[in-house]
Amino acid sequence: ALALGAVSYLWATPGVAPGFWDMFVLAFVERLFRPTYRKDDFVLGKKLGEGAFGVVYRASLAKKPSSKKAGDLVLKKATEYGAVEIWMNERVRRACANSCADFVYGFLETSSKKGGEEYWLIWRFEGEATLSDLMLSKDFPYNVEAMILGEDENLPKGLERENRIIQTIMRQLLFALDGLHSTGIVHRDIKPQNIIFSEGSRTFKIIDLGAAADLRVGINYIPKEFLLDPRYTAPEQYIMSTQTPSAPSVPVATALSPVLWQLNLPDRFDIYSSGLIFLQMAFPALRTDSSLIQFNRQLKRCDYDLVAWRKTVEPRANNELRRGFELLDLDEGIGWELLTSMVRYKARKRTSAKAALAHPYFDREGLLALSFMQ
Ligand code: ADP
Ligand code: MG
């Protein structure tokens, strides 16, 4: 009882949400009542993506009269890391369902011809566009405004309005991240390609938990740095100090994780990536891969000091770049202040998702107020 008490106490530590036991109880109850699926239950549609660790398709249920329309699901066939991804999705569905794409089911498929094993993961099809697709359009951010408000706006286009739309996107992203982080999960692959616009809820949700780590139970405890996307990674690379003992047993990791969390602040890894997305939204010139890579090089030369970077580029900035700084400088530079609190060299100096949501940048009403102003 003492040991249980100690674990429960640790679980109440700030930064790590309570609700540890629900994981076991709810998992069991849910397993009893949720439908199960097999390979033959699905019809595959168009390929949506292919990475080093899996292929993603649109899909639908083969024989289900009540199935709404063809391709209302998404199927990922994953390699060995699929097991972790299923675990993460199950966990997210119970602890912070609104943060991520709606997960339906995951299972191990052993009958594949190559003799190997494949994990199949099924989600609801959330929508056609990722933030990356939307950001690469000439219409950004107005295309997002149209999707969120569902109608055409007649307000004059301009910096103020663009700032409100970007603010709304950032708020939704940080809200989803706060849900993950409060659950003890670090995503580690936050980038526009992994943020989907959910047409049902008209909000952005996070997808692709393939590189995620759950620090509360030590799942995927060893950083798989080779999985990370160098364009969006924070300078630390490893989310936990390399001093921390590697791969402890699950009970040990369970007991230690709130402490390790406070020591390492692993969530700040995702905050850095989110800051880069904020930057790309403000500066159209940084939205391509090559320009982002070039920016990363410049920032590294400035010792990851955004203020120093600004000093080097602003004097010889073209109109477009100047416009980005102007957007961030609105309302006494409150946007710039938030951005610089996210993109910092030291994880410890970066803001958290929860603190960012309370930042004055978000005090002003976002898109909704815009629609009432008409
Ligand atoms: P990968 O490991 O290939 O990056 P992702 O999980 O990121 O796999 O999915 C690849 C692509 O499939 C995404 O970029 C997105 O376009 C699409 N996708 C994934 N999940 C969904 C979903 N739930 N709804 C709609 N599209 C999705
Ligand atoms: Mg992805």
*Within the stretch 40-56, how many residues are in contact with a strand residue (DSSP E or B) (Cβ under 8 Å, 6 or more places away or on another chain) and either at pLDDT below 90 or within 14 Å of ligand 2 (Cβ to nearest atom) (or both)?*
8
*Among the residues listed as 173, 209, the single one being under 10 Å from the mean Cα position of the chain (by Cα), away from ligand 1 (no atom under 11 Å from the Cβ) and either at pLDDT below 95 or crowded, with 24+ Cβ neighbours inside 10 Å (or both)*: 173
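Report the residue count in the stretch 171-195 for those that are more than 12 Å from ligand 2 (Cβ to nearest atom) and at positive phi. Working first, answer last.
Taking the stretch 171-195 first, the residues more than 12 Å from ligand 2 (Cβ to nearest atom) are 171-186.
Right, trim to at positive phi and you get 184.
So the count comes out to 1.
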*Report yes if residue 312 is polar (S, T, N, Q) and touching a Lys or Arg at 6+ places or on another chain (Cβ under 9 Å), otherwise no.*
yes
*Give the residues of the stretch 189-213 that are within 19 Å of residue 267 (Cα to Cα), basic (Lys, Arg) and not in a strand (DSSP E or B), sorted by residue number.*
191
*asked:* Cβ-Cβ under 8 Å, sequence separation 6+ or interchain: first residue in the stretch 178-199 and within 20 Å of residue 125 (Cβ to Cβ), partner near ligand 2 (Cβ under 10 Å from one of its atoms) and assigned to a helix (DSSP H, G or I). Which pairs?
replied: 192/132; 193/132; 195/132
*Please report, ordered by residue number, the helices (runs of 4 or more DSSP H) entirely within the stretch 236-331 with at least 2 residues that are modelled with pLDDT of 95 or more and closer than 27 Å to residue 166 by Cα.*
268-282, 289-301, 306-313
_For the condition under 25 Å from residue 181 (Cβ atoms) and without any contact (Cβ under 8 Å) to a residue 12 or more places away in the chain, what is the one hit in 346, 311, 354?_
346
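The values are calculated or read from the model by the stated rules, or taken from the named source; none is laboratory data. Everything numeric in this text was worked out from a predicted model, so none of it was measured. Because the Cβ atoms are built from the backbone with ideal geometry, glycine has one as well, and the counts that use them run over all protein chains shown.
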